[in-house]
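First comes the structure, then the notes that go with it.
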Amino acid sequence: MAGVEDGRWRNSAKIGLASLAAAVAETATFPIDIIKTRLQLRHGHSSGGAALRVAADIWNKGGLLGFYNGLSPAVLRHLFYTPVRIVSYEYLRTSSSDADTPLLRKALAGGVSGVAAQVLASPADLVKVRMQADGHLLTQGHQPRYTGIFNAFRKTAQSEGFLGLWRGVFPNAQRAFLVNMGELTCYDSAKHFIIDKEICEDNMFAHTFASVASGLCATALSCPADVVKTRMMNQDAVKDVSLYRNSFDCFIRTIRCEGIFALWKGFFPTWARLGPLQCVFWVSYEKFRQVSGLSSF
């Protein structure tokens, strides 16, 4: 009985600590995320300095608060997304009796955990993308579609049905599979490689180096799916004409109209965000676990 209670406490602690670390990381890096989203919603070929122009436009129209438009659904999303993927990955990774988990097992564990978490959190992700896009409408002199997070949930459900909250769930899940396969597997493997090779001990330096590697890997794998996901989720079903019929149509038309490299639009802002995001999250999460008496991830 004591072992069961101890296991429940550990799982609850991991869930709470993952949520806390994710909220800290999301808030710290959200301005980069909104720049990335605005870049991905731009159609046509992007020229150099596009990210700086987008950032300047956000600052001129909304000031500092303009960089945090859509933060509340982003944090809400992480209350569901991050704990599920982290705890699920640990369970799937260590449920084998083998001492050294094979890389393929880690990759599958990361991908499956990410899909499960993203499906659960997809409504909040959709609202986040649309509220970020609303900031772009303001810069063009239009009225935003939503007055706040709850208004966005309500209007979406009323106009598109309850399942409309899961618009774009398939590209969302595809991206989540790739992101978590890259992030969790790379972080886990890189950290243990650094420790095993005695480059440094299991401390903040190992966590930082591993998080940088995981951010680069996750970005390279996920950026095409992220572009498709963002464009699909920003479509409004009540309009008479939609730009894309489905995710595959969006994928093909993006390549045909803008070239294959359009699938990596926002790559550097994404990497610039994922790098600090991974660093803040993993360093915070590992520290929170240490303070709480839990073992390292």
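The values are calculated or read from the model by the stated rules, or taken from the named source; none is laboratory data. Keep in mind the model is a prediction, meaning the values are calculated, not measured. So basically every Cβ, Gly included, is an ideal-geometry build from the backbone, and we count neighbours across all protein chains shown. For the accessible areas, the whole protein counts, side chains as well, though only heavy atoms, and no ligand, DNA or RNA atoms are used. Shrake-Rupley method; radii C 1.70, N 1.55, O 1.52, S 1.80 Å.
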Considering only residues that are open to solvent by 20 Å² or more (accessible area, probe 1.4 Å), under 12 Å from the mean Cα position of the chain (by Cα) and modelled with pLDDT under 90, look in region 175-202 and name the one that is farthest from residue 125 (Cα to Cα).
-> 178
Could you tell me whether any residue of region 186-196 is of a type in the set (Val, Ile, Thr) and under 18 Å from residue 128 (Cβ atoms)?
-> no
The one condition residue 248 fails out of (1) of a type outside the set (D, E, K, R); (2) within 27 Å of residue 30 (Cβ to Cβ); (3) out of contact with any Ser or Thr (no Cβ under 6 Å at 6 or more places or on another chain) is (2)
Single condition residue 244 does not satisfy, out of (1) open to solvent by less than 40 Å² (accessible area, probe 1.4 Å); (2) in a loop (DSSP other than H, G, I, E, B); (3) without any contact (Cβ under 8 Å) to a residue 12 or more places away in the chain; (4) farther than 20 Å from residue 282 by Cα = (3)
Any idea how many residues of region 12-31 are under 13 Å from residue 86 (Cα atoms), among the aliphatic types (A, V, I, L, M) and open to solvent by 10 Å² or more (accessible area, probe 1.4 Å)?
-> 4
